[in-house]
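I have placed the structure first, in the form of structure tokens, so that the comments after it can refer back to it.
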Amino acid sequence: MKLDILATLSQRMNEFFISSVLFTPIKEPVPVFLMILGIMLIAPLLFERIRLPGIVGLILAGVIVGPYGLGLLARDSTIVLLGTVGLLFLMFMAGLETSLDDMKYNADKAVIFGLATFAVPMVLGVGAMMAIGYGLLPAILVASCFASHTLLALPVASKLGIMRSQVLTTTLGGTLITNILALLVLAVVVRAHQGSLTLSFWLFLIPALIIYTFLTLWGVPRIGRWFFRRFGHDEGAEFTFVLATLFVVSYGAELVSIEPIIGAFLAGVAITQLIPQYSPLMNRIQFIGNTLFVPFFLISVGMLVNARILFQEPRALVVSGVMVVVAIVAKFLPAWGVGKIFGFDLNNIMVLFGLSVAQAASTLAAITVAYQIELVDQLTVNGTIAMILVTCIASPWVTAKWGRNLKPEETSTQSSQTVNLGDRVLVPIANPSTEDNLLQMAIILAKSASGTLLPLHILLEQSAPVSPEAKARQSQLLSTAEMIAHAAVANVTPIGRIDESIDKGIARVAEEKQASVIICGWKGYSSYQENLFGGVIDKIVHRTSVPVLVTRFPLPIEHTKRVFLAFTAQQAYADSFGQSIELAKSLATELKASLQLLQVTSVRDATIELIHTGLPEDTPIQRVRGNFVRQVSRLLKTDDLLLLNGSVEHKHQLFSLLGQVPEAIARNHPKLAMIVAYFPH
């Protein structure tokens, strides 16, 4: 009797869904694109109002307007094309957020957690899916979806101030390991399903994959640096180069018989070291991806979902329930186990679980590929969507609830002073088109501290009134600087002044606007008059009580591969040396560069230990004896950013502060980027 009632209910619901498809799919390009844009605009806003991720709204909107919903849109070749581009872009941006350097910190914990959070879901997933009737290959593929995860709750951790905690570095490193392994499982399963998983395949795949990965991770950065050095002034060319790299590497993955999404992920990992996190180029990539390409993919995934199956096929509820339960349990067990092994308390364990439970990017990518080759059916797609919805809701909630109980990173007085450098960054400008790197440096500092950029242009007050032409030029220069800052989504307040001298104007504005740092450009040498009586930079340093960074960037700042801090034994004992260390660490982090310290001592100097600086244990610290200029010049490499400590021993001296050392190094390395930092005593 119960079965008859259930069958009748299923038939009635099926008839309801069939009758609900009242619309003929829209075919005209303009209405189709307009409807998709409307979904991209409205769906995320509605779901974020009820504190759910926007990704959930886009997927559900695709379900509603798709061929199994109201039938407003057909999943035709255009949707498939744009959805594929969005899929590749999604994996590319996941690669951009993945740094191989993350493995250097807490490497042991990251490796153990990465392997555990991959192996446990694989074992549980294969067993659970085979228990409900799945074959071996589909079970392995679905299990790989359980194994991968997306750091959806990372912004929550950032707001809580726990980004540098041990649990976060463990999660970041583990994410890299488990996602790569899950993608490799996908590649093997696809080949096995296609019947080409033979000995010859393995003999071809392993060497080809090694060569392909090496060429991607080694070759793309070098080609990118050459291109940015040659054409870095053209913003459109930079963005087009990044897109071309994405699709070339993705197509290369197909040539070595693996899925293009693996190539897209590797392309992101390779190119992320070329693009500073807070640069305008990174902002454009994320903006275009998050507002256009990725939403297309999410909507197209929603259009695959057939909600009627839940009523036509009771097994669909079983599949969805099993996938949701296994996904949660399989991520909690490794988080709890690894946490206990390394002595994490409950709060850290739950944050580890909350960050790793979300299923989105890699899961969607894998299940889409599997569905396209008919390895899985719509039941699995529906179950995957249900799993994504539940985990995407649970991940931010768990992370926020237990993350609040973690202590934010404790910062020393020196560290907090350096972080505050980005609060209000004052940048005197004369021509933004030629001082773009100066502004980029200021933007990086300001955005890293969520501060404000203060571009300043000063008109000199002469005997005659300032001409309208000069005022118009000032307005144009400040507008250009403001546009550059807005392109990087940085807070900016342009300032135009009229003053009797440049240095007095800068000093007065720094005082009035409570600037945290002044960044000045330097041509690399001093004139005879400047050497005798001091130049504008010297007078600025003397007149102000805030740090001054004297910078020289002959090449784009994003070329930086290594931040090289050189200092003497006497400088290491100075009170401001800790600030120089923190500045070097911050620049290395934001520019995704390595950090190298060099201490140059004379025969009479005692060697100083640098343990008190709080540097990671693996930071290269080299100590040499001899002439400072000669030793530093010998060890400098291409694409280095040299950081020197400026000295203000005599407050009322007239001669040039920069002295002979920076100029001698600049003459020996005309293309070298340099910063001479002056910190007030």
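The values are calculated or read from the model by the stated rules, or taken from the named source; none is laboratory data. Just so it is clear, the model here is predicted, and its values are computed rather than measured. As a convention, Cβ positions derive from the backbone with ideal geometry for all residues, glycine included, and neighbour counts pool all protein chains shown.
Listed conditions (1) closer than 28 Å to Lys523 by Cβ; (2) modelled with pLDDT of 80 or more are all met by Gln599, apart from (1). Checking the structure you have, find out if any residue of the range 478-494 is outside the structural domain of Asn283 (by TED's automatic domain parsing), assigned to a helix (DSSP H, G or I), hydroxyl-bearing (Ser, Thr, Tyr) and closer than 13 Å to Leu456 by Cα. Checked against the condition, which is being outside the structural domain of Asn283 (by TED's automatic domain parsing), assigned to a helix (DSSP H, G or I), hydroxyl-bearing (Ser, Thr, Tyr) and closer than 13 Å to Leu456 by Cα, the range 478-494 yields at least one hit.
Val369 meets the stated requirement of being within 26 Å of Gly133 (Cβ to Cβ), hydrophobic (A, V, I, L, M, F, W, C) and in contact with an Asp or Glu (Cβ under 8 Å, 6 or more places away or on another chain). Among the helices (runs of 4 or more DSSP H) confined to the range 327-405, the ones with at least 3 residues that are in the same structural domain as Val294 (by TED's automatic domain parsing) and more than 26 Å from the chain's Cα centre (by Cα) are located at 361-372, 378-403. Considered as a group, the residues in the range 352-379 that are within 17 Å of Ile328 (Cα to Cα) and polar (S, T, N, Q) include one that is modelled with the lowest pLDDT, and that residue is Ser362. Residue count for the range 139-188, restricted to those that are touching a Ser or Thr at 6+ places or on another chain (Cβ under 7 Å) and at pLDDT 80 or above: 11.
Return a yes/no flag: does the range 606-613 have any residue that is modelled with pLDDT of 65 or more, under 26 Å from Pro547 (Cβ atoms) and either out of contact with any Ser or Thr (no Cβ under 6 Å at 6 or more places or on another chain) or crowded, with 17+ Cβ neighbours inside 10 Å (or both).
No: zero hits.
Quick check: is even one residue across the range 433-440 more than 26 Å from the chain's Cα centre (by Cα), within 30 Å of Ser580 (Cα to Cα), surrounded by fewer than 24 Cβ atoms within 10 Å (Cβ to Cβ) and free of Cβ contacts under 8 Å to residues at least 40 places away in the same chain? Yes - at least one qualifying residue is present in the range 433-440.
If you check Gly236 against the conditions, is it over 20 Å from the mean Cα position of the chain (by Cα) and either farther than 25 Å from Val185 by Cβ or not assigned by TED's automatic domain parsing to the domain that holds Phe89 (or both)? Show your work before the answer.
Numbers: over 20 Å from the mean Cα position of the chain (by Cα): yes; either farther than 25 Å from Val185 by Cβ or not assigned by TED's automatic domain parsing to the domain that holds Phe89 (or both): yes.
It is true that Gly236 is over 20 Å from the mean Cα position of the chain (by Cα) and either farther than 25 Å from Val185 by Cβ or not assigned by TED's automatic domain parsing to the domain that holds Phe89 (or both).
Yes/no per residue for (1) assigned by TED's automatic domain parsing to the domain that holds Ile484; (2) within 19 Å of the chain's Cα centre (by Cα); (3) of a type in the set (Lys, Arg); (4) part of a helix (DSSP H, G or I):
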{"site": "Gly219", "(1), (2), (3), (4)": "no, no, no, yes"}
{"site": "Arg222", "(1), (2), (3), (4)": "no, no, yes, yes"}
{"site": "Ile271", "(1), (2), (3), (4)": "no, yes, no, yes"}
{"site": "Pro276", "(1), (2), (3), (4)": "no, yes, no, no"}
{"site": "Leu292", "(1), (2), (3), (4)": "no, yes, no, yes"}
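In this structure, is Ser395 among the hydroxyl-bearing types (Ser, Thr, Tyr), crowded, with 23+ Cβ neighbours inside 10 Å and touching a Lys or Arg at 6+ places or on another chain (Cβ under 8 Å)? Spelling it out, it is not the case that Ser395 is among the hydroxyl-bearing types (Ser, Thr, Tyr), crowded, with 23+ Cβ neighbours inside 10 Å and touching a Lys or Arg at 6+ places or on another chain (Cβ under 8 Å). Looking for something under 22 Å from Pro396 (Cβ atoms) and of a type in the set (Val, Ile, Thr) - is there at least one such residue anywhere in the range 302-320? The answer is no; no qualifying residue exists.
The rows are residues; the columns are (1) among the aliphatic types (A, V, I, L, M); (2) under 29 Å from Met483 (Cα atoms).
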{"site": "Leu209", "(1), (2)": "yes, no"}
{"site": "Tyr212", "(1), (2)": "no, no"}
{"site": "Arg225", "(1), (2)": "no, yes"}
{"site": "Gly236", "(1), (2)": "no, yes"}
{"site": "Leu243", "(1), (2)": "yes, yes"}
{"site": "Tyr278", "(1), (2)": "no, yes"}
{"site": "Met303", "(1), (2)": "yes, no"}
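Quick check on the range 244-288: of everything there that is among the polar types (S, T, N, Q) and modelled with pLDDT of 80 or more, which residue is nearest to His559 (Cα to Cα)? Selected residue: Thr272.
Applying a threshold of 7 Å to beta carbon distances and a minimum spacing of six or more residues, or different chains, the list of pairs starting in the range 331-346 at a residue that is closer than 22 Å to Gln359 by Cα and ending at one that is not in a helix (DSSP H, G or I) reads Lys331/His149; Lys331/Val357. Number of residues in the range 227-243 that are modelled with pLDDT of 85 or more and exposed (fewer than 13 other Cβ atoms within 10 Å of the Cβ) equals 1. On inspection, Val301 fails the criterion of being aliphatic (A, V, I, L, M), modelled with pLDDT of 80 or more and in a helix (DSSP H, G or I).
If you go through the range 55-79 and keep only what is in a helix (DSSP H, G or I) and in contact with a Ser or Thr (Cβ under 7 Å, 6 or more places away or on another chain), you end up with Gly62, Ile79.
Within the range 46-53, can one find any residue that is at pLDDT 80 or above, of a type outside the set (Lys, Arg), over 14 Å from Leu298 (Cβ atoms) and in the same structural domain as Phe247 (by TED's automatic domain parsing)? So that I can check it myself, show each step before the final result.
Taking the range 46-53 first, the residues at pLDDT 80 or above are 46-47, 49-50.
Imposing the further condition that a residue be of a type outside the set (Lys, Arg) reduces the set to 46-47, 50.
In the following step, the residues that additionally are over 14 Å from Leu298 (Cβ atoms) were identified as 46, 50.
If we keep only those that are in the same structural domain as Phe247 (by TED's automatic domain parsing) too, we end up with 46, 50.
Scanning the range 46-53, I find at least one residue that is at pLDDT 80 or above, of a type outside the set (Lys, Arg), over 14 Å from Leu298 (Cβ atoms) and in the same structural domain as Phe247 (by TED's automatic domain parsing), so the answer is yes.
If you go through the range 1-36 and keep only what is modelled with pLDDT of 50 or more, more than 19 Å from Leu90 (Cβ to Cβ), part of a helix (DSSP H, G or I) and of a type in the set (A, V, I, L, M), you end up with Val30, Val32, Leu34, Met35.
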